[in-house]
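Asks: Dropping the structure in here first, questions after.
Bear in mind that the values in this text are calculations on the coordinates, not laboratory data. Bear in mind the structure is a predicted one, so any value in this text is a computation, not a measurement. Here Cβ is always computed from backbone atoms with ideal geometry, including for glycine, and neighbour counts include all displayed protein chains.
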């Protein structure tokens, strides 16, 4: 499902060179729920951005669903990312001027899906995360946990094979965090969806299939 080989990421400016990741090799199989752990600044989010095709490696290769991603043209890359990957971020990234159902529909808008089909699928995924009664509300009218459930609905509306979650419970209290984790586990078990989650929460990480740990840009297991 995801294969990373000899991955290197270096950030360079005129004055400084920062090594973010070095010699990363891993394989994440279809249907796995994998946690990425390590101290702040160790390269976890950088790795997720690279797997999510939001950034490009300095060296090495990333293969997703049998497709090598290096050398992809921008248009192909954007289309591939939209079809294959769903993203859940710590800070939700909802558009405040759009109501819940319009936020959820956005990925399908970029696929040029007809409006009636977008609305039908948005209603289905919002029902799945328990927010069918909040479709017309705006993000400012929701709790943090509800905002994150909207973000999950948006991430899965296009039925991506892989879900990438960057600290999905980091801004939530323990109860709301547990609700979000329950939804992620359901998506993994019921849909066989592959999930890669960056987290600092050891308890939540231990509930997943496997933990991959990083320290100072290096994979340590």
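Asks: Once fully extended, how much extra length lies between residue 203 and residue 186, figured as 0.36 nm per residue of separation less the alpha-carbon to alpha-carbon distance? Write down the numbers at each step before the final one.
Replies: Working: separation 17, 0.36 × 17 = 6.12 nm, distance 1.75 nm.
Gain in length upon complete extension: 4.4 nm.
Asks: Still on this structure, please answer the following. If you rank 208, 58 by fewest surrounding Cβ atoms within 10 Å, what's the result?
Replies: 58, 208
Asks: Then there is this: By how many degrees, 0 to 90 and rounded to 10, does the Cα axis of helix 74-84 deviate from the longest principal axis of the chain?
Replies: On a 0 to 90 degree scale, this one is about 60.
Asks: Ranked from highest to lowest mean number of other Cβ atoms within 10 Å per residue, what is the order of the peptides 99-109, 179-189? Could you put the intermediate results ahead of the total?
Replies: Numbers: 99-109: 20.5, 179-189: 17.3.
Ranking, from highest mean packing down: 99-109, 179-189.
Asks: Further question: For residue 70 and residue 25 in the same chain, what is the full-extension length gain: residue separation times 0.36 nm, less their Cα-Cα distance, in nm?
Replies: Details: separation 45, 0.36 × 45 = 16.20 nm, distance 1.58 nm.
My answer for the length gained is 14.6 nm.
Asks: Given the C-alpha centroids of region 124-141 and region 46-113, what is the distance between them in whole angstrom?
Replies: Going from one Cα centre to the other spans 22 Å.
Asks: Continuing with the same structure: How high is the FRET efficiency between residue 82 and residue 117 when r is their beta carbon distance and R₀ equals 22 Å, given to the nearest 0.05? Don't jump to the answer; show the numbers that get you there.
Replies: On the way: r = 16 Å, r/R0 = 0.71.
That pair, residue 82 with residue 117, gives E of 0.90.
Asks: A follow-up question, please. Hey, what angle do you get for helix 115-128 against the long axis of the chain, alpha-carbon based, 0 to 90 degrees rounded to 10?
Replies: 80
Asks: For the chain, state the semi-axes of the equivalent ellipsoid (square roots of 5 times the eigenvalues of the alpha-carbon gyration tensor), sorted largest first and rounded to whole angstrom. Write out the running numbers ahead of the final one.
Replies: Details: eigenvalues 168, 81, 54 Å².
Each semi-axis is the square root of five times an eigenvalue, giving 29, 20, 16 Å.
Asks: Does anyone have the angle between helix 144-156 and the longest principal axis of the chain? Alpha-carbon axes, 0 to 90°, nearest 10?
Replies: Tilt of helix 144-156: around 80 degrees.
Asks: For the pair residue 141 and residue 18, what calculated FRET efficiency results from E = 1/(1 + (r/R0)^6), where r is the Cβ-Cβ distance and R0 = 25 Å, to the nearest 0.05? Could you put the intermediate results ahead of the total?
Replies: Working: r = 40 Å, r/R0 = 1.62.
Here the calculated transfer efficiency is 0.05.
Asks: Which value in nm describes the separation of the simple spin-label points at residue 10 and residue 98, placed 7 Å from the Cα toward the beta carbon?
Replies: Roughly 3.9 nm, to one decimal.
Asks: Looking at the chain as a GNM with Cα springs under 10 Å, which of 116, 137, 27 has the largest mean-square fluctuation?
Replies: Top of the fluctuation ranking is 116.
Asks: Tell me, how many Å apart are the Cα centres for region 171-208 and for region 1-25?
Replies: 27
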